[in-house]
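Enquirer: This is the structure I have questions about; it appears just below.
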Amino acid sequence: MSSLNVQTKQIYLQCVHCGHSMLYERPLAACTRCGENILKARYDLQMLRETNWIEKVKQREPGLWRYHELLPLHSTDNIVSLGEGGTPLLHARNLGMMLGLKNLYIKDERQGPTHSFKDRQASVAISVMREQGIGEAVLASTGNVAIAYSAYAARAGIKMWAFLTSMVPGEKMREAAIYGGEVIKVTGTYDQAKIVAESFARSKGLYMDKGIKSIAAVESMKTLAFEIAQQLNWRTPDWFIQAVSGGMGPIGVAKGFEELIALGLVDRMPALGIVQAAGCAPMINAYKGGRRVATPVENPQTLVATLSTGNPGRSYELLFDLINEHGGTMEDATDEETFNALRLLARTEGLSVEPATAVAFAGLIKLARRGIIKQDELIVINCSGHTFPVEKHILGDEYARNLDVSAQAHRISLPEEGLLSALEQMEERIHRIVVIEDNPDAGRLISRILKIQGRYEVHVASGGADGVVMVDRIKPDLVITDLMMPDVDGFSVINALKSDPNTATIPIIVLTAKELTVYERERLSGQIESLLQKGSFMDEQLLQSIIDALR
């Protein structure tokens, strides 16, 4: 990558309040005219468009810095990189089938150097610090920012002070510390940790990274938009969904799409789906109340520590305005919904994510069920971080069966019949289940999920008519059926089974991605054992429904 000439690249900062424009030569805390502390970086987009900049981008190696002309760094000699960006966009076919969404994509930011999308922020922010000659800096974090900044600061030779709330898991604190970051654990909320960090920075005369108020942070996040559009062959998704604490990610993504429109590469903005943990959801509370200013949450009540920002400040106002102008919505997710979604994503798509990411998927499930997100819309969801030890919240202690063969250990070889005997003691009665699902991929998925949940002999029927014949032939212990099928729908299947004396007593569980009307629920009343929404049936509710039905 060739070095940029400092004199030829000009970056301006524009005040979001009064519109005043200032040449960006060093970090500015506020507008020099009105004092507004949120400023937007501006570049010569017309020049880039006229020089066919995008063709140069296409020839570069994938990664964040392939878009360096639109990042707030004057010289590429100052780049501090660990290979961030260029993450894959995965088509989530299995989860999409369960939710009735044909075009669900996951931007897998877990594959960054420290396994979260904060690597983008750290790379740009630390590069700017290096260019500005900053040798020591302070930040407040709920975990991932501290880890990413500490890693990149180590590479740049910058000393990093990271103030983390005591709610942050010890694993995250230790990871930040191993990179050489000075970790300060603050017993209190994240907002209190920010106050302490700012006071420390002032007392020591150190640079304080201020998240959304730091130009580099927002600018880094817009590279998500650049990559997504390029991966979709210069198409804007209908929805961009992310779980947020401060909201910097979606704000940066929106700015990225604004610049892509100005460059003539895409023609519209995406709707934003903003999700917060229900135990700390100041944005969602304000949005649902129609208020542009959020009331801070002083005492967060959630296990998802990385999203425990009680005071979103001005970022909520920016998101509120973006949604009102370009579409979208805000939703919350309980901790229970979050951990169910975490497990669901792992078992359907093979992606192990941290709870902060699972919050986004829990919100997606709710929006899909309510029909806010439509079946044919193209959705991109930010998979922002890899998992950390949360097994106590997901699996408990009973995640494996015990098979003790220690008594045989003194023998040279273990007799086959000894092992088989031990295995037979674990056997339970195998129950037969017929799954009626017209989508073969969905049928295979449900079959696999059932086999994970327990010992079941699963038969899959390819549609309603085939299902009725199969049930009559096999006489299963349980029927699980979808409702929306083209040949014979689930309502007709249920009526046929219940009207036949040979199958009338077989319990039926309905799985559907559809939100049922009052009339449709009345049709099912007294006919089925349980009604479960696709997207939630990986939790204990399905297992309990099966147990109850088989009694």
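Enquirer: For the range 441-484, what are the residues that are part of a loop (DSSP other than H, G, I, E, B) and either at pLDDT below 85 or more than 14 Å from Met98 (Cα to Cα) (or both)? Explain how you work it out, then say what you get.
Expert: In the first step, residues of the range 441-484 are kept if they are part of a loop (DSSP other than H, G, I, E, B); the result is 454-455, 462-463, 475-477, 482-484.
Correct list: Gly454, Arg455, Ser462, Gly463, Lys475, Pro476, Asp477.
Enquirer: Let me ask something additional. Provide a single number: the residues in the range 159-172 that are in contact with a strand residue (DSSP E or B) (Cβ under 6 Å, 6 or more places away or on another chain) and surrounded by fewer than 21 Cβ atoms within 10 Å (Cβ to Cβ).
Expert: 2
Enquirer: When you check Glu437 against the structure, is it at pLDDT 85 or above, surrounded by fewer than 20 Cβ atoms within 10 Å (Cβ to Cβ) and in the same structural domain as Asp477 (by TED's automatic domain parsing), yes or no?
Expert: Answer is no for this residue.
Enquirer: When both residues are 6+ apart or on different chains and their Cβ atoms are under 8 Å apart, which pairs have a first residue that lies in the range 247-268 and is on the phi > 0 side of the Ramachandran plot and surrounded by fewer than 22 Cβ atoms within 10 Å (Cβ to Cβ), and a second that is among the basic types (Lys, Arg) and part of a helix (DSSP H, G or I)?
Expert: Pairs that qualify, where the first residue is on the phi > 0 side of the Ramachandran plot and surrounded by fewer than 22 Cβ atoms within 10 Å (Cβ to Cβ) and the partner is among the basic types (Lys, Arg) and part of a helix (DSSP H, G or I), are Gly264/Arg49.
Enquirer: Could you please tell me which pairs satisfy a Cβ distance under 7 Å, a separation of 6+ or placement on different chains, a first residue in the range 430-442 that is closer than 13 Å to Gly467 by Cβ, and a second residue that is surrounded by fewer than 24 Cβ atoms within 10 Å (Cβ to Cβ) and of a type in the set (Phe, Trp, Tyr)?
Expert: Ile433/Tyr456
Enquirer: When only residues in the range 501-534 that are polar (S, T, N, Q) and part of a loop (DSSP other than H, G, I, E, B) count, which is surrounded by the most Cβ atoms within 10 Å (Cβ to Cβ)?
Expert: Thr503
Enquirer: Here is a further query. Condition first: in contact with an Asp or Glu (Cβ under 6 Å, 6 or more places away or on another chain), assigned to a helix (DSSP H, G or I) and of a type in the set (A, V, I, L, M). Can you find one or more residues in the range 278-289 that meet it?
Expert: Yes, the range 278-289 has at least one match.
Enquirer: A follow-up question, please. Name every residue in the range 106-117 that is out of contact with any strand residue (DSSP E or B) (no Cβ under 8 Å at 6 or more places or on another chain) and either in contact (Cβ under 8 Å) with a residue 60 or more places away in the chain or among the charged types (D, E, K, R) (or both), in order of residue number.
Expert: Residue satisfying the conditions is Thr114 alone.
Enquirer: Go through (1) in a strand (DSSP E or B); (2) surrounded by fewer than 23 Cβ atoms within 10 Å (Cβ to Cβ) and name the single condition Glu331 misses.
Expert: Unmet condition: (2).
Enquirer: Quick check on the range 9-35: of everything there that is over 34 Å from the mean Cα position of the chain (by Cα) and at pLDDT below 90, which residue is surrounded by the most Cβ atoms within 10 Å (Cβ to Cβ)?
Expert: Lys9
Enquirer: Name the one entry in Leu319, Leu303 that is surrounded by fewer than 21 Cβ atoms within 10 Å (Cβ to Cβ), closer than 30 Å to Pro169 by Cβ and touching a residue at least 24 places away in the same chain (Cβ under 8 Å).
Expert: Leu303
Enquirer: Would you check if Gly96 is touching a Pro at 6+ places or on another chain (Cβ under 9 Å), small (Gly, Ala, Ser) and surrounded by fewer than 24 Cβ atoms within 10 Å (Cβ to Cβ)? Spell out how you get there, then give the answer.
Expert: Numbers: touching a Pro at 6+ places or on another chain (Cβ under 9 Å): no; small (Gly, Ala, Ser): yes; surrounded by fewer than 24 Cβ atoms within 10 Å (Cβ to Cβ): yes.
When the stated conditions are applied, Gly96 does not pass them.
Enquirer: Note down all Cβ pairs under 6 Å where the first residue falls in the range 45-69 and is of a type in the set (Phe, Trp, Tyr), the second is part of a helix (DSSP H, G or I), and they're at least six residues apart or on different chains.
Expert: Tyr67/Thr223; Tyr67/Phe226
Enquirer: Please find, among Gln276, Gln231, the residue that is at pLDDT 95 or above, among the polar types (S, T, N, Q), crowded, with 23+ Cβ neighbours inside 10 Å and assigned by TED's automatic domain parsing to the domain that holds Ser116.
Expert: Selected residue: Gln276, the only one of Gln276, Gln231 that is at pLDDT 95 or above, among the polar types (S, T, N, Q), crowded, with 23+ Cβ neighbours inside 10 Å and assigned by TED's automatic domain parsing to the domain that holds Ser116.
Enquirer: A follow-up question, please. Name the residue, out of Met129, Met97, that is closer than 30 Å to Ala442 by Cα and hydrophobic (A, V, I, L, M, F, W, C).
Expert: Every option except Met97 fails the conditions.
Enquirer: Select, from Phe240, Phe226, the only residue that is buried (at least 21 other Cβ atoms within 10 Å of the Cβ), at pLDDT 95 or above and over 30 Å from Glu337 (Cβ atoms).
Expert: After applying the criteria, what remains is Phe226.
Enquirer: With the requirement that a residue be in a loop (DSSP other than H, G, I, E, B), more than 19 Å from Asn382 (Cα to Cα) and touching a strand residue (DSSP E or B) at 6+ places or on another chain (Cβ under 9 Å), what does the range 51-99 give you?
Expert: Leu71, Pro72
Enquirer: Just the residues that are in contact (Cβ under 8 Å) with a residue 24 or more places away in the chain and closer than 20 Å to Ala225 by Cβ, please, taken from the range 89-102.
Expert: Within the range 89-102, Leu89, Leu90, Ala92 meet the criteria.
Enquirer: Restricting attention to the range 108-145, and to residues there that are of a type in the set (A, V, I, L, M) and surrounded by fewer than 21 Cβ atoms within 10 Å (Cβ to Cβ), which single residue is nearest to Val353 (Cα to Cα)?
Expert: Filtering the range 108-145 for residues that are of a type in the set (A, V, I, L, M) and surrounded by fewer than 21 Cβ atoms within 10 Å (Cβ to Cβ), the one nearest to Val353 (Cα to Cα) comes out as Ala137.
Enquirer: For the range 135-174, enumerate the residues that are part of a loop (DSSP other than H, G, I, E, B), free of Cβ contacts under 8 Å to residues at least 40 places away in the same chain and closer than 22 Å to Ser245 by Cα.
Expert: Listed by number, the list holds a single entry, Ser166.
Enquirer: Shifting gears a bit: Name the residue that is surrounded by the fewest Cβ atoms within 10 Å (Cβ to Cβ), counting only residues in the range 176-193 that are under 24 Å from the mean Cα position of the chain (by Cα) and modelled with pLDDT under 90.
Expert: Asp191
The values are calculated or read from the model by the stated rules, or taken from the named source; none is laboratory data. Predicted, not measured: the structure shown is a model, and the values here were computed from it. Every residue, glycine as well, gets a Cβ built from its backbone with ideal geometry; the counts of neighbours run over all protein chains shown.
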